[in-house]
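Trainee: I'd like to ask you about the structure that follows.
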Amino acid sequence: MTGQTPLISARNLGAVFDVSKPWLNRLFAMEAKQFLTAVDSVDFDIPKGKTFALVGESGSGKSTIGRMIVGLQKPSSGQVLIDGDDFFAITDVKRQMAMRRRIQMIFQSPYASLNPRWRVKHIIGEPIKAFDLMPAADIDGRVNELLDQVGLAMSDGEKFPHEFSGGQRQRIAIARALASNPEFIVCDEPTSALDVSVQSQVLNLMKDLQRDLGLTYLFISHDLSVIRYMADEIGVLYLGRLVEVADRDTLFDNPRHPYTRMLMDAAPRVDAFGRTADTVAGEIPDPINKPTGCSFHPRCHLAVDLCKKERPEVREFGAERARVACHLCETEAELA
Ligand code: SF4
């Protein structure tokens, strides 16, 4: 994806949370403050009209990155650039609002993300009002257009969220996200709460909308089959750090990082029907007390002494310029 202007860039993005006990408890127990690094030096670009996907186990920092990119959470370090502008450095309220209009988010749960007391037309029309995008008299017409765009009927606007199935609710959430005419949408596990049969319909809708409206997506999922279907480029996260970034075909044809390979070995396969898929070996370590060196070393069957002592830097690797953080890949490159 080189040569295309990024709409979104994460630069050295970090998120650190103070998870210390209350001051008095720490005083009696003579404990120091504790910090959790949820996101560590994350870098990626998303060109206009493309999908960058983040994959990793729970607790890898995927959703924290999504929340920072969409402006819901301020990074502890680094920058979120939108068309080259540092989102969190903008102080002018009008410019902030203009920037927020361009970015929307679709959440995992279509049950929790819709106000149960509002009619659907009110839910979808709310961002249009909030951003003052058109006269009040025109909003109902625009809501009808959006309902049609996501495959719902105009009459659905009069109903309440509880009258819909999970897939239909996610369509309402998508219509609401589209209401402000965004250019970029963060999709945080948008289909993981849905039945498999409904998942593909929602994913197809999202692809159609991307093609028709030129949308750019940051797509977050733990499901590799969904990622493979949706992504142009993929970042594999482990304990808050990107350990491998590559275009979709490169990553699936030639996964380089041992963690990426482990995730792929554990993913259910079409040809494995009737057999139990392998589980991802071991457990993700305590993020407050991360292992030294490469934080994946306690689970890595290839780990050598160096892995326990030294954190591997991210390096470009191969003709496809995949970025990988692994001492072993470095050794292989030198040997090649
Ligand atoms: Fe495994 Fe070492 Fe590579 Fe980490 S750096 S993934 S422990 S081989």
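The values are calculated or read from the model by the stated rules, or taken from the named source; none is laboratory data. Since we're looking at a predicted model, the values are computed, not measured. As a convention, Cβ positions derive from the backbone with ideal geometry for all residues, glycine included, and neighbour counts pool all protein chains shown. Calculation scope for accessible area: heavy atoms of the full protein, side chains included, ligands and nucleic acids excluded. Shrake-Rupley method; radii C 1.70, N 1.55, O 1.52, S 1.80 Å.
Trainee: Accessible area per residue of the stretch 64-156 at 1.4 Å probe, in Å²?
Mentor: Normalised by residue count, the accessible surface of the stretch 64-156 is 54 Å².
Trainee: Quick one: Cα convex hull volume of the stretch 183-262, Å³ per residue?
Mentor: 103 Å³
Trainee: Could you state the angle between the C-alpha long axis of helix 196-213 and the longest principal axis of the C-alpha atoms of the chain, as a value from 0 to 90 degrees rounded to the nearest 10?
Mentor: Between helix and principal axis, roughly 70 degrees.
Trainee: Only Cα pairs within less than 10 Å get springs; with that Gaussian network setup on the chain, which residue of Ala173, Ala319, Ala153 has the largest fluctuation?
Mentor: Maximum fluctuation in the GNM of the chain, among the listed residues, is at Ala319.
Trainee: Could you work out the helix-only [θ] at 222 nm for the chain, with each DSSP H run of four or more residues adding -39,500 (n - 2.57) and the total divided by the number of residues, to the nearest 500 deg cm²/dmol?
Mentor: Result for the chain, helices only: -10000 deg cm²/dmol.
Trainee: A further question on this structure: Rounded to the nearest percent, how much of the accessible area of the stretch 60-204 (1.4 Å probe, protein heavy atoms only) is carbon and sulfur?
Mentor: In the stretch 60-204, the share of accessible area belonging to carbon and sulfur is 48 percent.
Trainee: Measure nothing fancy, just the Cα-based angle from helix 120-130's long axis to the longest principal axis of the chain, in degrees from 0 to 90, nearest 10.
Mentor: 80 degrees
Trainee: Here is a follow-up. Going from the alpha-carbon gyration tensor of the chain, what semi-axes, largest first and in whole Å, does one get by taking the root of 5 times each eigenvalue?
Mentor: In descending order the semi-axes read 36, 24, 21 Å.
Trainee: Quick one: work out the % antiparallel among DSSP beta bridges in the chain, nearest 5.
Mentor: Here the antiparallel bridges make up roughly 60 percent for the chain.
Trainee: Express in nm, to one decimal, how much length is gained between Leu133 and Gln79 on full extension, taking 0.36 nm for each residue of separation and deducting their alpha carbon distance.
Mentor: Here the segment from Leu133 to Gln79 would lengthen by 16.6 nm.
Trainee: Not counting ligands, DNA or RNA, and with a 1.4 Å probe, what is Thr292's accessible surface area in Å² rounded to the nearest 10?
Mentor: Taking all protein chains as shown, Thr292 has close to 90 Å².
Trainee: Here is a follow-up. Ordering Ser63, Ser76 from largest to smallest accessible area (1.4 angstrom probe), what's the sequence?
Mentor: Ser76, Ser63
Trainee: Could you state how much accessible area Lys62 has, in square angstrom rounded to the nearest 10, with a 1.4 Å probe and all protein chains kept in place?
Mentor: The accessible area comes out at roughly 20 Å².
Trainee: Tell me, what is a quarter of the convex hull surface for the C-alpha atoms of the stretch 1-138, in nm² with one decimal? Let's see the in-between values first.
Mentor: On the way: hull surface 50.6 nm².
Quarter of the Cα hull surface area: 12.7 nm².
Trainee: In a Gaussian network model over the chain where Cα atoms closer than 10 Å are linked, find which of Pro75, Pro135, Pro190 has the largest mean-square fluctuation.
Mentor: Pro135
Trainee: Longer than 23 Å from Cα to Cα, which of Lys48/Lys207; Lys21/Lys290; Lys74/Lys94; Lys62/Lys129; Lys62/Lys94 are they? Say none if no pair is.
Mentor: Violating the 23 Å Cα-Cα cut-off are Lys62/Lys129; Lys62/Lys94.
Trainee: How far, in degrees from 0 to 90, does helix 136-149 lean away from the longest principal axis of the Cα atoms of the chain, to the nearest 10?
Mentor: 60 degrees
Trainee: For the pair Asp86 and Arg119, how long in nm is the line joining their label points, each one 7 Å along Cα→Cβ?
Mentor: Using points 7 Å along Cα→Cβ, the separation is 4.6 nm.
Trainee: What's the magnitude of the charge dipole for the chain around its Cα centre, counting Lys and Arg as +1 and Asp and Glu as -1 at the beta-carbon? Answer in Debye, nearest 20.
Mentor: So the dipole magnitude of the chain works out to roughly 860 debye.
Trainee: Ignoring everything but the protein chains, give the 1.4 Å probe accessible area of Ser113 in square angstrom, nearest 10.
Mentor: Only protein atoms counted, so the area is about 20 Å².
Trainee: Still on this model: Could you work out which residue, out of Glu163, Glu316, Glu145, moves most in a Gaussian network model of the chain, that is, has the largest mean-square fluctuation with Cα springs under 10 Å?
Mentor: Maximum among the listed residues: Glu163.
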